[in-house]
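Right, one structure below, let's go through it.
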Amino acid sequence: MSIDGDGDGDIGRAVRELDTPALWVDLDALDANIATMMRVCSEAGVDWRPHIKASKSPPLAKRLIAGGAVGITCAKVGEAEVMTDGGIDDILIANEVIGPQKIARLVALARRATLCVAVDDERNLRELSAASEHAGVNVDVLVDLNVGLARCGIPPGEAPALAQLVLDLPGVTLRGLMGYEGHVMGISDLEEKDAASHVAADILAAGTAALAAAGIEARVRSGGGTGNYWLAAQFGALTEIQAGGGVLMDLTYMESMHVPGHRFALFLTEQVVSTATLRRAAGDAGWKAMGQHTGRPRVIEPPGVHLRGLNAEHSIFELDEGTAVAPGDRVTLVPHYSDSTVLLHRRMYAVRDGVVEDVWPVAAAGMLQ
């Protein structure tokens, strides 16, 4: 396979035969996770609009929609452009889109897809309106509330004035409210997480009530991440859940956020390149292939091999007494956090029963603008 190829020549090949490092998704686990997230949302009577900032791949986004999602969520205009090019036509950019360059790209994209953006500033809203009207398109808007994250968003009491301005301006349509409780995701104690999620839901509910008192309907209330989605869906404040990373699952979600009912679906396979040091081995995947800012990935195969460090291009493994590996042997790991791993790769291999069924381009990697 050429380094510039799309990987299609690997379809039908066993994972252990792939060139390394190879990032791959277990389709059975992925589909089970999709079904779990969709079931939680359906039982709570809320829509599922999963975030693709972890997966960054249009074919995977299409699989989420086929599994019941109403559309997808992106972080940046660049991601939305890639997803639209890949055939996705209903996208929430759960972020403020600021400045003439980004706004121009946004309104150009609105000719090809149904778009919604978050807004927490009057000037930005007026710029969006003017650009949309000039282009003859419409962009939907969610008024962004600060529900405790203290990153973006206005207090609920300020929401009616901004929402009314959306209603008064051309080129923009009020869809409702957004309140992302990112500060809740990393709370490990489940009682504390439940309480903090409830507080965030109450703030969003206060914003909804403030709009209603002004005669304005917040038809959509969007929020929730993988770290608390099963709680956020139950409180009645949200109509739409943005959680998406849980379909891939990883050590951060499993062991730090304690997300229930999911299976590891994302893996990285590398090969041993050296056993020259006693009781140690070096692999061909380092921190350029696996994110480690939340913690180290974990070896799941073979037994007796443990990751002790990541250099730029190498893994450093320690071997249990009696464990032996040789150059060319494969080592498979679970990433610690999919968000900081997938974007390092150009493709993901879609695998079932150890055999590659498809190759998915990670087309939105690097789309930071």
Exercise for review: Decide, for region 27-245, between rounded, prolate and oblate: order the square roots of the alpha carbon gyration tensor eigenvalues as a ≥ b ≥ c, take rounded if a/c falls under 1.5, and otherwise choose prolate if a/b is larger than b/c, else oblate.
Suggested key: oblate
Practice item. Order the peptides 350-356, 177-183, 61-67, 272-278 from the highest to the lowest mean number of other Cβ atoms within 10 Å of their residues. Key: 177-183, 61-67, 350-356, 272-278
**Study point:** 10 Å beta-carbon shell around ASP144, net charge (K/R +1, D/E -1)
**Key:** -2
Point to revise | Net charge, LEU343 excluded, C-beta distance under 13 Å - Lys, Arg +1, Asp, Glu -1 | key: +4
Revision key, fill the gap. Expressed in angstrom and rounded, the centroid-to-centroid distance over alpha carbons for region 204-267 and region 299-369 is 29 Å
Review point. Lys/Arg Cβ at +1, Asp/Glu Cβ at -1, dipole of the chain taken about the Cα centre: which of ILE203, LEU368, ALA213 is farthest positive-ward?
Key: LEU368
Review point. If one computes the Cα centroid of region 14-39 and of region 51-68, what distance in Å separates the two points?
Key: 13 Å
**Study point:** Where trypsin sites (Lys or Arg not before Pro) fall in DSSP loop in region 111-209, at most 11 other Cβ within 10 Å
**Key:** ARG111, ARG151
Point to revise | Charge context of VAL362, other residues only, Cβ under 10 angstrom, K/R +1, D/E -1 | key: +3
Exercise for review: For region 251-338, state which GluC sites (Glu not before Pro) are in a DSSP loop and have at most 13 other beta carbons lying within 10 Å of their beta carbon.
Suggested key: GLU321
**Study point:** Protection proxy ranking, peptides 96-103, 195-202, 83-90, average beta carbon neighbours within 10 Å, highest first
**Key:** 195-202, 83-90, 96-103
Practice item. Please work out the Kirkwood hydrodynamic radius for the chain, using every pair of different C-alpha atoms, and report it in angstroms with one decimal place. Key: 21.6 Å
Review point. Among all the lysines, which ones have a C-alpha under 20 Å from LYS102's C-alpha, if same-chain residues fewer than 8 places away are not counted?
Key: LYS53, LYS56, LYS76
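The numbers here are math on the coordinates, done by the rules we state, and not lab data. Everything quoted here is computed from the prediction, not taken from an experiment. Cβ: placed from backbone, ideal geometry, glycine included. Neighbour counts: every protein chain shown.
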